[in-house]
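See structure below.
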Ligand code: NAI
């Protein structure tokens, strides 16, 4: 088995935690705290091995560093994974034990929901640690983060349109929307309001039915959506949707969607560039979620309008990413990583100014 040290990933800290009584087996990875405490959700998933869980948490936590940095947040990147089937193992005891492990990190890691964890789980975690966000709205949580994630995707599409066609006007444009869940359904609504035409697909026929009745919507099969001839493709379902198998079949000018980890690997960003398809990097586009949950940490509590304003700036960040990619002749993923890294370097540099009355861990 490959250990953390062998991987040389540049992460600051990785901890393993276990509690035999509740069945908890977890790994928390802190990629970077250069800009602030490492925030990222907890994924509860039946990983095939400890190594698979480690690989996932390392990859996801690094992505969170770049996401927070590009979103202009004073947050670092971290992520937690709990190994097992949430339906079988998820219990108050397990989440409280997990909360205690988070508390032991003294604020270096802040958790939130991810695949397999839900607002009610955060309430259990929050009984043991202050460092949990994403609880239910009725208990002071920020509510469904899909609302602003979708808004970020929409403003990201406007920035993509501006780069491609010189105007952010999406009226009359045709967008293929994959996935109509919490994010995709709202992306579809924003597009229709803006006068765009959409083709949609989802494996869930109820989700399709909710959107299909509106004017300007064509329903296509889940196997066809990636090959629809359109102006833009918006992946809002699962990851690894842009890969060596799918990229040759794309018939769009740009890709902008909310799904995490859309690229199979880095070479796929290059392949998109070579095909002349403008890719809006997923972690830049889908930062509305982290902007929403992190606002719970604001001294005055969560404020939707403040979050919406911050999410609106995703279009400026994307414009910057596109400009760097063009200037340097690189793919947009490489460009967005350089935007993130330069903010992280700024964070590290700022620590050189000693502030005597700040906490020692600042
Ligand atoms: P969701 O679970 O509400 O919706 C996902 C939808 O995709 C479901 O309707 C599902 O039936 C559909 N789907 C699954 N496989 C599909 C396939 N092969 N073809 C077409 N549709 C398929 O999830 P949510 O919250 O809308 O998230 C969507 C994506 O956005 C995920 O990748 C998620 O990680 C990412 N994301 C979500 C954020 C949020 O705030 N909800 C924040 C950042 C990223």
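Rule-based calculations on the coordinates, nothing more; no lab input. Everything numeric here is computed off the predicted structure, so don't read it as measured data. Heads up, the Cβs are rebuilt from the backbone with ideal geometry, glycines too, and the neighbour counts pull from every protein chain shown.
Observations
- Extending 7 Å from Cα along the Cβ direction at residue 115 and again at residue 20 yields two label points whose distance is 3.1 nm.
- On the beta carbon distance between residue 164 and residue 212, with R0 = 25 Å, the FRET formula returns roughly 0.35.
- Distance between modelled label sites at residue 48 and residue 189, nm, 7 Å Cα→Cβ extension: 3.9 nm
- Each label was represented as a point 7 Å from its Cα along the Cα-to-Cβ direction; for residue 251 and residue 327 these points are 3.7 nm apart.
- Neighbour-count order for 223, 268, 121, 328, fewest beta carbons within 10 angstrom listed first: 223, 328, 268, 121
- Alpha-carbon centroid distance for the pair the range 181-250 / the range 66-113, whole angstrom: 31 Å
- Relative contact order (%) - criterion: Cα under 8 Å, at least six apart; region: the range 164-310: 18 percent
- Contact order for the chain, expressed relative to its length and based on alpha carbon pairs under 8 Å spaced 6+ residues apart, stands at 15 percent.
- Counted by neighbouring Cβ atoms within 10 Å, the residues 131, 165 run from fewest to most as 165, 131.
- Cα centroid separation - the range 262-318 against the range 28-59, whole Å: 19 Å
- Annotation for the range 336-355 versus the range 149-169: alpha-carbon center distance of 28 Å.
- Ordered by the count of other Cβ atoms within 10 Å of each Cβ, fewest first, 79, 182 give 182, 79.
- With Cα atoms, 0 to 90° folded angle of helix 92-104 axis to the chain main axis: 80 degrees
- Rounded to 5, the percent of DSSP beta bridges in the chain classed as antiparallel: 30 percent
- Stretch gain in nm, segment residue 306-residue 346, where the contour uses 0.36 nm per residue and the Cα spacing is subtracted: 12.0 nm
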